[in-house]
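Visitor: The structure under discussion is supplied below as structure tokens; questions concerning it will follow.
The values are calculated or read from the model by the stated rules, or taken from the named source; none is laboratory data. Note that this is a predicted model, so its numbers are computed, not measured. Reconstructed Cβ throughout: ideal geometry from the backbone, glycine too, with neighbour counts over all protein chains shown.
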Amino acid sequence: MPEHDGLMRVFWPTDIAKTDLPGVIVGWRNSGLDVVVVAVLDHVDPRNVENALKTGILLRSAPHDPTRISKLCGHDSMHVLGVTNAHAAAEGAFVLEPSWVLAKTGHSLRVPKVTCHVASSVQVILFERPLPNRMQYISLNPMALALADKEDHLLLSLSDASEAEDEKHERQYKEKRRKLVEKLAQHSVIKHAPSMKDKALPRIVNQINWAFELEQLLQKNVPLIGTRPKRALSVSERVVEHATTMRDYVILWMWDMIILYLFPVIRRLFILMLVGHRAAAEILLQVLEWRLRPSSPALKDISATAQQIEIRLQQFCYWPMQYVKLRLRKNDWESVTTSHPDYIRFYNSLWLVANDVIIGIAIGSYIIDNAGWVADQIGILLGQYTVEALHSSIEWLMGWPAGLKLNKELALFLGDLFLWVIEYWSSCIATLQPLLPHIIWFIGFSSFAGASMPIAMFSDLVSILTVHIYSFYLASARIYHWQLTILLSLFQLFRGKKYNVLRNRVDSCDYDLDQLLVGTILFTLLFFLLPTVVVFYLNFAVARMAIISLKAVFDTMLSCLNHFPLFALMLRIKDPRRLPGGIRFELRDTQDRLKLESNTPTSPLQPPTSVIYVKPIPLSFTAMFHQYFQMGSRIRKHYLSPRVLFCLITGRFVPPIHRKVLYSLQYSMLPARRAGIIEMWDALNSLPTKKRPVNIYPYGTSFLNVPNLANGRRTNGRRGGWQ
């Protein structure tokens, strides 16, 4: 599409005040035929407005640095874009320019009638201004609830020797897919080069986000353009003024005493306390992250309790930095949206911790009050499922299970071996049985730190109390794998083949008669002993998979308590415009417009006009729970993949999914590198000091009693709007 095709785009706020009075349109001019309307100023001269915009008079008394406006909106200053209701102005009041937008507004018009002498056609793009004081904004890209530095850091952290095999395949697959997409983009013949109007869209989005706050500032400074009528205060107003001034002086003196003497001491003590806790947290984090060798797992990679403590310590280290960033946000314009995702992450984390503690107090109170009964129930379950169930299944396998005739001698040997270990383990559990109520009481007491702590402790307790099943699985899997490997080697012997270890291939080999005879005898013996080993292996493999499934349930509960997007979900229901997921353009039917125009005289020079609405798309629930889907996909790929099935069939060890990979969901709200103690100290000391309370005027309030002027208006919100 050519850049100068005569099509004019006019972005017009739907919630701007409707009036039949003549006014001056002020906004951003991105090109000769591309404008964004910010405000309509009534009863002012366009030349005075243009001069005021160039000199900065209309941006006077700005709450923050006005250069931020030009930096984010892409222009040095706003301009006069045109006029409204020029037919209602006095003759000669407006000196129109050809590039100006001529708009007709009124209470009877749902859509403004826009014309321009240099445009052959017009697009009126209506948008509803986001309210920056409510942290509303629009965005071309969906809001990222996770931190932006997590993906690259995860790839780097998983590239060490402790990287899981399936994660290595996933990383390689993503890298190949990225390169393929880049190659396809280079050879694409469908996608056209973006035009200047397409490139201006991100800048227009920023201008729309700034529209409401800038309109408030412009309307506030409109009286500075024209004459300001004054009137003398009445006697009652003077009495109220003096009384209010005396009250303000007293409040201001008390506030200054607090700010100058009391607040700095309290602030310094609080910062010292935070830094002390940060130093203690750093020591604990170093212990939890210590590795014997670079390839060895850390304590947090083995224990769910250590992992949960590490997550809470990481959050404690990150919260002060988040608070500092959100506190510094008050020193900037409300329309700056860079800190909005951090605001959601911060309060989502606080909500989750608060709910975790509340639920934990309820659970802990119940466990402490019923520690004996809970210990008895756990003892019964342990004895029933980890001792008696295994004992009965092994005795069943020592006979003829399901009519399958096994090797009796081997079955008795394996069964007696496993039963002896079970009896020894049962005696150890019976010895520790009196300590179980105290352990349960300690777990209940830990619940006051959150419901996630007893869940993590129960997960570790399950791992400890089922270590004999894990040992049985390892032993039976190793025996089965060795036997299967020997059978495969002997099968190669019958074929006259031999595996070459050096070249990693199967080569031909000539065997003697005695070698073939011994191989035949060994193959026959091992083949007939294989079913006995298989049934024992399957028994313990099923038990091991059941334990892994139970621990997966615990890990899922921990993920929900630590990462569930509760605050974001509340915002999605309450105010979806605070969670932008993109924008869409809707072409509206022009029948209502034609019906309105049929009742009013139209100009023959009226250009073809189309009405388009810009609608924000809220963040989808799929995007909010994307990392839960990713975690489920990782669990599915790890345990339901062909590789795991092959390991189960061949007796290879099936490791549980790496805790670092499983908990990457919970670390997505934490930075890749935590702030150091010195960095935290500097950040807390960089916070601005407290300001004087609002609405305190030590020099009186006489300037507040000036009535509204005839040449301007003040808007305190939304007055009317385009439907």
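Visitor: Looking at (1) surrounded by 12 or more Cβ atoms within 10 Å (Cβ to Cβ); (2) within 22 Å of residue 409 (Cα to Cα); (3) free of Cβ contacts under 8 Å to residues at least 12 places away in the same chain, find the lone condition where residue 521 falls short.
Guide: That leaves (1) as the condition not met.
Visitor: Filter segment 515-540 for residues that are among the aliphatic types (A, V, I, L, M) and farther than 16 Å from residue 484 by Cα and give the result.
Guide: We begin by selecting, within segment 515-540, every residue among the aliphatic types (A, V, I, L, M); these are 516-518, 521-522, 525-526, 529-530, 533-535, 538.
Correct list: 516, 517, 518.
Visitor: Would you check if there is a residue in segment 375-396 being under 22 Å from residue 561 (Cβ atoms), in contact with a Leu (Cβ under 7 Å, 6 or more places away or on another chain) and in contact (Cβ under 8 Å) with a residue 60 or more places away in the chain? Before you say what the answer is, go through the steps one by one.
Guide: Taking segment 375-396 and keeping what is under 22 Å from residue 561 (Cβ atoms), we get 378.
Remaining after also requiring in contact with a Leu (Cβ under 7 Å, 6 or more places away or on another chain): 378.
Cutting the leftovers down to in contact (Cβ under 8 Å) with a residue 60 or more places away in the chain gives us 378.
The answer is yes; a qualifying residue exists.
Visitor: So which residues in segment 609-641 are farther than 28 Å from residue 126 by Cβ and over 32 Å from the mean Cα position of the chain (by Cα), if there are any at all? Explain how you work it out, then say what you get.
Guide: Pass one, segment 609-641, residues farther than 28 Å from residue 126 by Cβ: 622, 624-641.
Selection gives nothing.
Visitor: Right, here's the next one. Which condition does residue 675 not pass, out of (1) part of a loop (DSSP other than H, G, I, E, B); (2) over 30 Å from residue 478 (Cβ atoms); (3) within 38 Å of the chain's Cα centre (by Cα); (4) at pLDDT below 75, if it passes all the others?
Guide: (4)
Visitor: Can you tell me which of 411, 430 is aliphatic (A, V, I, L, M), more than 42 Å from the chain's Cα centre (by Cα) and under 22 Å from residue 533 (Cβ atoms)? Full working, then the answer.
Guide: Values: 430 fails: under 22 Å from residue 533 (Cβ atoms).
Of 411, 430, the one residue that is aliphatic (A, V, I, L, M), more than 42 Å from the chain's Cα centre (by Cα) and under 22 Å from residue 533 (Cβ atoms) is 411.
Visitor: Within the bounds of segment 497-507, is there any residue that is of a type outside the set (Asp, Glu) and within 21 Å of residue 410 (Cβ to Cβ)? Spell out how you get there, then give the answer.
Guide: In the first step, residues of segment 497-507 are kept if they are of a type outside the set (Asp, Glu); the result is 497-506.
Those left that are additionally within 21 Å of residue 410 (Cβ to Cβ): none.
Scanning segment 497-507, I find no residue that is of a type outside the set (Asp, Glu) and within 21 Å of residue 410 (Cβ to Cβ), so the answer is no.
Visitor: Hey, another quick one. Out of 272, 299, 292, I need the residue that is hydrophobic (A, V, I, L, M, F, W, C), modelled with pLDDT of 85 or more, surrounded by 11 or more Cβ atoms within 10 Å (Cβ to Cβ) and closer than 30 Å to residue 460 by Cβ. Which one? Spell out how you get there, then give the answer.
Guide: Details: 272 fails: closer than 30 Å to residue 460 by Cβ; 292 fails: surrounded by 11 or more Cβ atoms within 10 Å (Cβ to Cβ).
Being hydrophobic (A, V, I, L, M, F, W, C), modelled with pLDDT of 85 or more, surrounded by 11 or more Cβ atoms within 10 Å (Cβ to Cβ) and closer than 30 Å to residue 460 by Cβ holds for just one of 272, 299, 292, which is 299.
Visitor: Looking only at segment 432-452, decide whether some residue is more than 26 Å from residue 302 (Cα to Cα) and either part of a helix (DSSP H, G or I) or among the basic types (Lys, Arg) (or both).
Guide: Applying the first criterion (more than 26 Å from residue 302 (Cα to Cα)) to segment 432-452 yields 434.
Applying the additional criterion that residues be either part of a helix (DSSP H, G or I) or among the basic types (Lys, Arg) (or both) yields 434.
Yes, segment 432-452 contains a residue that is more than 26 Å from residue 302 (Cα to Cα) and either part of a helix (DSSP H, G or I) or among the basic types (Lys, Arg) (or both).
Visitor: Considering segment 259-308 alone, what residues qualify as being β-branched (Val, Ile, Thr) and without any contact (Cβ under 8 Å) to a residue 12 or more places away in the chain?
Guide: Let us first name the residues in segment 259-308 that are β-branched (Val, Ile, Thr), namely 259, 265-266, 271, 275, 283, 287, 302, 305.
Within segment 259-308, 265, 266, 283 meet the criteria.
This table checks each residue for (1) touching a residue at least 40 places away in the same chain (Cβ under 8 Å); (2) more than 13 Å from residue 220 (Cα to Cα).
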| residue | (1), (2) |
| --- | --- |
| 59 | yes, no |
| 63 | yes, no |
| 66 | no, yes |
| 78 | yes, yes |
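Visitor: Go over the candidates 286, 307, 315 one by one and state the one that is more than 26 Å from the chain's Cα centre (by Cα) and more than 30 Å from residue 65 (Cβ to Cβ). Lay out the reasoning, then the answer.
Guide: On the way: 307 fails: more than 26 Å from the chain's Cα centre (by Cα); 315 fails: more than 26 Å from the chain's Cα centre (by Cα).
Exactly one residue qualifies, and that residue is 286.
Visitor: Let me confirm something: among 540, 585, which residue is of a type outside the set (A, V, I, L, M), at pLDDT 85 or above and in contact with a helix residue (DSSP H, G or I) (Cβ under 6 Å, 6 or more places away or on another chain)? Outline the logic, then answer.
Guide: Working: 585 fails: in contact with a helix residue (DSSP H, G or I) (Cβ under 6 Å, 6 or more places away or on another chain).
Being of a type outside the set (A, V, I, L, M), at pLDDT 85 or above and in contact with a helix residue (DSSP H, G or I) (Cβ under 6 Å, 6 or more places away or on another chain) holds for just one of 540, 585, which is 540.
Visitor: Among what's in segment 543-580 and is outside any helix (DSSP H, G or I) and surrounded by fewer than 20 Cβ atoms within 10 Å (Cβ to Cβ), pick the residue that is modelled with the highest pLDDT.
Guide: Going through segment 543-580, the residues outside any helix (DSSP H, G or I) turn out to be 564-565, 575, 579-580.
Right, trim to surrounded by fewer than 20 Cβ atoms within 10 Å (Cβ to Cβ) and you get 564, 575.
Numbers: 564: 88, 575: 91.
Per the stated criteria, the residue is 575.
Visitor: Here is a list: 496, 450, 444. Which entry is over 24 Å from residue 389 (Cβ atoms) and touching a Pro at 6+ places or on another chain (Cβ under 8 Å)?
Guide: Just a single option satisfies the conditions, and that option is 444.
Visitor: So, one more: Which members of segment 22-47 meet the condition of being polar (S, T, N, Q) and surrounded by 16 or more Cβ atoms within 10 Å (Cβ to Cβ)?
Guide: So the first thing to find is which residues in segment 22-47 are polar (S, T, N, Q), and the list is 30-31.
Across segment 22-47, the qualifying residue is only 30.
Visitor: Among the candidates 517, 502, 522, 474, single out the residue that is on the phi < 0 side of the Ramachandran plot and part of a loop (DSSP other than H, G, I, E, B).
Guide: Working: 517 fails: part of a loop (DSSP other than H, G, I, E, B); 522 fails: part of a loop (DSSP other than H, G, I, E, B); 474 fails: part of a loop (DSSP other than H, G, I, E, B).
Going through 517, 502, 522, 474 in turn, just one is on the phi < 0 side of the Ramachandran plot and part of a loop (DSSP other than H, G, I, E, B): 502.
Visitor: Do you know which residues across segment 264-300 are of a type in the set (S, T, N, Q) and either assigned to a helix (DSSP H, G or I) or in contact with a Pro (Cβ under 7 Å, 6 or more places away or on another chain) (or both)? Full working, then the answer.
Guide: Taking segment 264-300 and keeping what is of a type in the set (S, T, N, Q), we get 286, 295-296.
The one that is of a type in the set (S, T, N, Q) and either assigned to a helix (DSSP H, G or I) or in contact with a Pro (Cβ under 7 Å, 6 or more places away or on another chain) (or both): 286.
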